[in-house]
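Right, one structure below, let's go through it.
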Amino acid sequence: MAQRMLEITGLNGWYGESHILHGVNLHVDEGEVVTLLGRNGAGRTTTLRAIMGLIGSRKGSIKIRGTEAVAMSTHRIARLGVGYCPEERGIFASLSAEENLMLPPRLAEGGMDLDAIYAMFPNLKERAQSQGTRLSGGEQQMLAVARILRTGARLLLLDEISEGLAPVIVQKLAEMVTMLRRQGYTIVMVEQNFRFAAPLADRFLVMEHGEVIQEFTQAELPSRMERLHEYLGV
Ligand SMILES: Nc1ncnc2c1ncn2[C@@H]1O[C@H](COP(=O)(O)OP(=O)(O)O)[C@@H](O)[C@H]1O
Ligand SMILES: [Mg+2]
């Protein structure tokens, strides 16, 4: 049986006084790709940020490979092999692509070296010396993901990586996710672009008001499409 990579039980989360997560329950097995769906404001980004220890306060349980992380600092969580790619990507404009890539420290065993990253992202090799701002949106997104692969993360939290990108680039990102999945990475994606996410995920979780309210597998997707269409407008 696959190892449980992430197990969240009864997670409550706050930004200051605002109570945003109301008892999230979810689990992700090693090697799975899971997509969080939901309407805007459902709490998907907050869930990823909570896993990383980036929100005001958390209660409940977040186990990463069996280790309780709900009270850990972001730095220690990263050391457990968790990498977070935020919606805003966080590429430094004044640094070159390669400098951006080299920025985060190696945190866990098995981080990719530059050669491995460039073999996986030939585009980035070509653009290695280009300044952050000179990269296209798609290149910046690839760079943001490549950067967390260097740290040794095996659990990747990807927030709306396809957002604002042209269809041909979105296709490239789909290939990237498929390749990472084949290499055994565990991925939790938040996606608004359902057509992008639909063929990639092993499982789908639907969030509403800071809770997971539905869950189904890739095989169950066809029978869910009509309801999803009504619910999410996808
Ligand atoms: N920094 C913040 N401070 C206070 N409330 C926030 C903050 N970020 C998000 N929220 C609120 O948390 C709720 C969930 O937001 P979010 O997790 O971003 O949803 P989603 O990613 O599913 O669209 C929303 O009501 C949003 O307004
Ligand atoms: Mg969001």
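The values are calculated or read from the model by the stated rules, or taken from the named source; none is laboratory data. This is a predicted model, so every value here is computed, not measured. Cβ sites come from the backbone with ideal geometry, for glycine too, and all protein chains shown count toward neighbours. For accessibility, only protein heavy atoms count, side chains too; no ligands or nucleic acids. Shrake-Rupley method; radii C 1.70, N 1.55, O 1.52, S 1.80 Å.
Brief remarks on what is shown
- Inter-part distance where the stretch 1-53 and the stretch 161-179 are each reduced to a Cα centre, Å: 23 Å
- Ligands, DNA and RNA aside, Lys63 has an accessible area near 80 Å² when probed at 1.4 Å.
- With each label modelled as a point 7 angstrom along the Cα→C-beta vector, the Leu221-Arg195 pair spans 1.4 nm.
- FRET efficiency, Glu109 to His209 (Cβ-Cβ, R0 25 Å, nearest 0.05): 0.05
- Here r is the Cβ-Cβ distance between Glu87 and Ala119 and R0 is 41 Å; the resulting FRET efficiency, rounded to 0.05, is 0.90.
- Rough spin-label spacing in nm, given labels placed 7 Å along Cα→Cβ, for His229 and Arg182: 3.2 nm
- Its Cα gyration tensor gives the chain an equivalent ellipsoid. The semi-axes, each the square root of 5 times an eigenvalue, are 27, 21, 17 Å from largest down.
- With both residues required to sit in the stretch 4-232, DSSP beta bridges show an antiparallel share near 60%.
- Estimated FRET transfer efficiency when R0 is 45 angstrom, pair Glu126-His19 (beta carbons, to 0.05): 0.45
- What you get for the chain, charging only the Cβ of Lys and Arg (+1) and of Asp and Glu (-1), is a dipole of about 380 debye around the Cα centre.
- In the chain, the DSSP-assigned H stretches of four residues or longer account for a calculated mean residue ellipticity at 222 nm of -9500 deg cm²/dmol, using -39500 (n - 2.57) per stretch and the full residue count as denominator.
- Amide hydrogen proximity for Glu208: with H placed 1.01 Å from N in the peptide plane, the residues at 5 or more positions away or on another chain lying under 5 Å are Ile213.
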